[in-house]
Amino acid sequence: VQLQASGGGLVQAGGSLRLACAVSGRTFSSRGMGWFRQAPGKEREFVAAISWGGGNTYYADSVKGRFTISRDNAKNTVYLQMNSLKPEDTAVYYCAAGRYGRAASVIKEYDYWGQGTLVTVSS
């Protein structure tokens with residue numbers, strides 16, 4: 001399983017970005033998927049997750065109401081729509097493929113990771 005994240009960039013506070021994560025391999029549709037982020041000098045933290053069929057989603061409190069995770073199993077792709085961005089959202093964003101089908105917030109439940117895409121929000 002390989003993951004390729006894209007869509008990062010520089011945006012002003014209050015703006016929007018949409019991240020995408022293309023996943024290779026035949027097991028995508030059976031796996032929960034997640035987005036995590038890591039800011040400079042900080043540990044990697046959970047952002048959002050979605051179950052294998054898209055029926056369950058889970059968000060960190062810091063992004064709830066602003067970010068939306070979705071997936072298209074026909075395209076083997078998971079998305080993260082980020083609205084009302086804040087400077088504190090600045091980080092490298094990573095997509096990850098879960099070991100199980102559920103939406104999980106725990107890093108150890110994820111087997112495969114993408115290379116990360118940088119999101120910079122200016123004030």
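The values are calculated or read from the model by the stated rules, or taken from the named source; none is laboratory data. Remember, predicted model here, so these are calculated numbers, not experimental data. Here the Cβ positions follow ideal geometry from the backbone for every residue, glycine too, while neighbour counts run over all protein chains shown. Remember, those area values only see protein heavy atoms, side chains included, never the ligands or the DNA or RNA. Shrake-Rupley method; radii C 1.70, N 1.55, O 1.52, S 1.80 Å.
Things worth noting here:
- Within segment 1-16, tally of residues that are surrounded by 13 or more Cβ atoms within 10 Å (Cβ to Cβ) and closer than 16 Å to TRP113 by Cβ: 6
- Residues in segment 105-121 that are assigned to a loop (DSSP other than H, G, I, E, B), within 19 Å of GLN2 (Cα to Cα) and open to solvent by less than 50 Å² (accessible area, probe 1.4 Å): GLY114, GLY116.
- Every residue from segment 77-91 that is part of a strand (DSSP E or B) and either in contact (Cβ under 8 Å) with a residue 60 or more places away in the chain or farther than 23 Å from GLN115 by Cβ (or both): TYR79, LEU80, GLN81, MET82
- Identity of the residue in segment 87-100, surrounded by 15 or more Cβ atoms within 10 Å (Cβ to Cβ) and more than 11 Å from the chain's Cα centre (by Cα), that ends up farthest from GLY15 (Cα to Cα): GLY98
- Selection count where residues are more than 17 Å from ALA13 (Cα to Cα) and open to solvent by less than 20 Å² (accessible area, probe 1.4 Å), scope segment 60-79: 4
- Of the criteria (1) of a type outside the set (Lys, Arg); (2) touching a Cys at 6+ places or on another chain (Cβ under 9 Å); (3) without any contact (Cβ under 8 Å) to a residue 60 or more places away in the chain; (4) crowded, with 21+ Cβ neighbours inside 10 Å, which one LEU19 fails: (3)
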